[in-house]
Structure formats: C-alpha cells, structure tokens
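A short worksheet on the structure shown next.
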Amino acid sequence: MIAVSNTTPLRYLIAIDQEHLLGQLFEKVFVPAAVHAELTDAKTPEKVRRRIFSLPAWFEVHSAQLTASASFPVTLHQGEREAILLAESLPSDVLLMDEQTGRAIALGRNLPLSGTSLSEPTPSGS
C-alpha cells in the first residue's frame, strides 16, 4: 500500500516514537515538499526534525504542483493543499490527514482517508 501524509500524523507518531508503524503498514509514505518543509522548520520540535532527516526508505519527499485550476479554501495550509494534490496524482491508497477542513475537502474529492485523529469530518451538505 502507498500513503500520502500531511504534517500532523507524522509529527504525532514521531512524538510518541511510533513512526515505524508507517513502514510496517505501507510500502511507501510520500510527503509533498511543503509538508517536508513544515517538518524540518526551526519551529518544529527538534525530535521531529532529527527523525525526519533519518527516516528509512519507506519515507519519500515528492513534489506536488499547485495549479490555477486547483481551488482550495483560503484556510487550508500549503501542506494540506499539496498533500491532497499529491494523493490525487499518485496511485496512492490512502491520505493521512488529521485537520478537519482538509479531511472534509479530501472526502469531497473522493480520497480515502486515515489519520491519528479520532474526529471524522461531515461531508459538505450533510
């Protein structure tokens, strides 16, 4: 199985020393460049930054291009936008995302979701 991940699931799993589970569940976990930038930003906890630089072969940074036709709400961060676009462009099996707005948009685009959050978004119009 192939996954695309946004920032939060990776941060949470690294924080509790459980990121290895992703390598057990998925053949590959792709992250877009914007998510990689968030995970390695100086404001990110040092533990997360260090681990991102040493993750095994199942972790891969992949570019995702935002196009003029890709419209997203202003409230959606760059990493969330790129993760959704990457999940659409790759033959991925699941998008790992916790943020409720991003999850609702991904569901509206028929992307299979999972994450570390217990809350499930309600599709628009429900």
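Scanning for something within 20 Å of residue 114 (Cα to Cα) and at pLDDT 90 or above, does the range 65-77 turn up at least one residue? Scanning the range 65-77 turns up no residue that is within 20 Å of residue 114 (Cα to Cα) and at pLDDT 90 or above. Taking the stated definitions as given, is residue 53 of a type in the set (A, V, I, L, M, F, W, C), farther than 20 Å from residue 99 by Cα and surrounded by 15 or more Cβ atoms within 10 Å (Cβ to Cβ)? Here the answer is no, as residue 53 does not meet what is asked.
Working only within the range 1-25, note down all residues that are touching a residue at least 24 places away in the same chain (Cβ under 8 Å) and surrounded by fewer than 20 Cβ atoms within 10 Å (Cβ to Cβ).
Taking the range 1-25 and keeping what is touching a residue at least 24 places away in the same chain (Cβ under 8 Å), we get 1-15, 19, 22-23, 25.
Listed by number, the residues that qualify are 1, 2, 12, 13, 15, 23, 25.
Restricting attention to the range 81-106, the residues that are open to solvent by 60 Å² or more (accessible area, probe 1.4 Å), farther than 17 Å from residue 1 by Cβ and free of Cβ contacts under 8 Å to residues at least 24 places away in the same chain total 1.
Is it the case that the range 8-29 has a residue that's in contact with a His (Cβ under 8 Å, 6 or more places away or on another chain) and not hydroxyl-bearing (Ser, Thr, Tyr)? No; the residues of the range 8-29 include none that is in contact with a His (Cβ under 8 Å, 6 or more places away or on another chain) and not hydroxyl-bearing (Ser, Thr, Tyr). Restricting the range 71-80 to residues that are over 11 Å from residue 101 (Cα atoms) and in a helix (DSSP H, G or I), the residue that is least open to solvent (accessible area, probe 1.4 Å) is 79.
The values are calculated or read from the model by the stated rules, or taken from the named source; none is laboratory data. Fair warning: this is a prediction, and the values are worked out from it, not measured in the lab. Because the Cβ atoms are built from the backbone with ideal geometry, glycine has one as well, and the counts that use them run over all protein chains shown. What goes into the accessible areas is simple: the full protein's heavy atoms, side chains included, and nothing from ligands, DNA or RNA. Shrake-Rupley method; radii C 1.70, N 1.55, O 1.52, S 1.80 Å.
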